[in-house]
Amino acid sequence: MAPAASRLRAECELPSLPRRALAQYLLLLKLYPVFTKAVSSGILSAVGNLLAQMIEKKQKNDSQSLDVSGLLRFFVTGPLSHYFYLFMEYWIPPGVPLATVKRLLLDRLLFAPTFLLLFFLIMNLLEGKDVSAFASKMRSGFWPALQMNWRMWTPLQFININYVPLQFRVLFANMAALFWYAYLASLRK
């Protein structure tokens, strides 16, 4: 019985796949924080976009293949968010009076509209559209998208910027963004 018990003990000591993946992610996060956040943002955002396309194709009974030509555009969110969270930590440290409220207001009133504007601009450029198409999209889609952003992201960002450790904030937001990018991608159509 000793060999089976020692084998069982050895199997329990081996790290599980999620534990190894987390350890690798943490190592990459420490060595290459901006690159790691760019890649994880890109992958998770691309999955959200592909999910939106799949849902749309299913609703329309469309048998065309998925469009993967513009997925690189999503790699911008990680670095942008990384530097915003660093700026927020510097500008509004946790010990400042009303820091939780100030951080949330900074995120919701400055970062969210700016990020959304950049999102629409980058999408427009990468899709090869002209300035009039961008202006039209801004007139028709910016305000509804910003309102939806405030509804969805305000509680999530309150948790993220006040309780999630700094190095995991981009990842936390990326997980929620799977659904958010699916929504934004649907606005393009």
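What the table shows:
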{"quantity": "Residue list for segment 12-33, restricted to those being modelled with pLDDT under 80 and part of a helix (DSSP H, G or I)", "calculated": "CYS12, GLU13, LEU17, PRO18"}
{"quantity": "Counted residues, segment 85-101 - those being in contact with a Leu (Cβ under 9 Å, 6 or more places away or on another chain) and either open to solvent by less than 20 Å² (accessible area, probe 1.4 Å) or of a type in the set (D, E, K, R) (or both)", "calculated": "4"}
{"quantity": "Given (1) at pLDDT 75 or above; (2) open to solvent by less than 20 Å² (accessible area, probe 1.4 Å), index of the condition GLY70 fails", "calculated": "(1)"}
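The values are calculated or read from the model by the stated rules, or taken from the named source; none is laboratory data. Bear in mind the structure is a predicted one, so any value in this text is a computation, not a measurement. Please note: Cβ atoms are built from the backbone with ideal geometry, for glycine as well, and neighbour counts cover all protein chains shown. Heads up: the accessible areas ignore ligands, DNA and RNA and are worked out on the full protein's heavy atoms, side chains in. Shrake-Rupley method; radii C 1.70, N 1.55, O 1.52, S 1.80 Å.
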